[in-house]
1. Could you work out the per residue convex hull volume over the alpha carbons of segment 10-218, in cubic angstrom?
2. Just name one of 164, 52, 179: the one whose Cα is farthest towards the positive end of the charge dipole of the chain (beta-carbon charges, Lys/Arg +1, Asp/Glu -1).
3. Amide H neighbours of residue 43 under 5 Å, at least 5 residues apart or on other chains, H built in the peptide plane: list them.
4. How far is helix 71-88 tilted, in degrees, relative to the longest principal axis of the Cα atoms in the chain, given as a value from 0 to 90 rounded to the nearest 10?
5. What does the charge count near residue 180 come to, summing +1 for each Lys or Arg and -1 for each Asp or Glu among other residues with Cβ under 14 Å from its Cβ?
6. Through the Karplus equation 6.51 cos²θ - 1.76 cosθ + 1.60, θ set to phi - 60°, convert the phi angles of segment 163-173 into ³J(HN,Hα) values in whole Hz; use x for Gly and Pro.
7. Which FRET efficiency value, to the nearest 0.05, is calculated for residue 31 and residue 61 with the Förster distance at 25 angstrom and r the Cβ-Cβ distance?
8. So, in Å, what gap is there between the alpha-carbon centers of segment 110-140 and segment 1-67?
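Bear in mind that the values in this text are calculations on the coordinates, not laboratory data. Computed from a predicted structure; not experimentally measured. Cβ sites come from the backbone with ideal geometry, for glycine too, and all protein chains shown count toward neighbours.
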Amino acid sequence: MAELATDAVAIYNCANPAYYRWPTDWPPIAQSLLTTAERSNAVLVTVSNLYGYGEVSGPMTEDLPLAAHGPKGLTRVQMWRDALAAHDAGRVRATEVRGSDYVGRGAQSHLGDRVVPRLLAGRGVTVMKSADTLHTWTATDDVARLLVTVALDERAWGRPWHVPSNPPRTQREAVGDLCRNAGLEPVKVKEYPGMLVRGMGLFNPMMRELSEVAYQLEQRGCPGSRGT
């Protein structure tokens with residue numbers, strides 16, 4: 001990694017280990033990139049999310065404490081604390097970009113490859129509970145723009161940034177928005193029954209891990225990020 005980053009201006013950590021392996025796979029990846037940033041003097045910009053805040057009673061903002069309890073949230077918290085400690089010690093220049101669930105071409109999210117191909121074919125879609133709770137959706141193009149912006153502006157270093165996103169929309173509303181943007185009539189939106197999700201978790205490690213952050217789609221007053 002150090003050899004690859006020679007003369008680099010910025011290192012963008014956009015890695016994404018298997019969802020169910022975050023606690024084991026993320027620490028060595030993050031440490032490798034942190035060490036590489038220190039040796040190369042490149043700015044380290046990490047793509048993160050909102051898991052580190054845990055459950056909150058209102059909109060998530062950058063000044064909230066990192067109060068996660070689950071393994072995935074705690075993994076993200078430790079990654080940022082390690083990077084911030086190195087930054088404060090003067091060893092690296094680091095910042096972090098945090099987005100909510102993605103929407104955009106190729107996005108792996110609740111409005112990604114399980115939904116978009118079906119609605120483009122005019123077929124109904126099934127989403128995780130709740131289809132009618134407000135939630136923030138982050139466009140992948142906006143993530144990329146913010147990454148470049150904070151990497152090149154020293155005022156952005158040493159703190160996290162939320163990706164500016166549109167006002168919250170329910171999953172049902174967001175699916176309707178996608179249909180209209182594609183020039184299609186809205187499709188039917190249903191929810192996966194809770195018992196089915198739990199049953200799928202017995203065989204699918206990805207589905208099993210979703211319970212840790214299910215509150216982001218279920219709790220009113222926890223709509224995701226409000227970018228600044």
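1. Working: hull volume 25.4 nm³, N = 209.
For segment 10-218, the hull spanned by Cα atoms encloses 121 Å³ per residue.
2. The residue sitting farthest along the positive end of the dipole is 179.
3. Residues meeting the criterion, in which the H sits 1.01 Å from N, are 10, 11.
4. For 71-88 against the chain, the angle is about 30 degrees.
5. -1
6. These are the phi-based 3J(HN,Hα) values: 5, x, 9, 5, x, x, 9, 5, 4, 5, 5 Hz.
7. 0.30
8. Centre-to-centre (Cα) distance: 26 Å.
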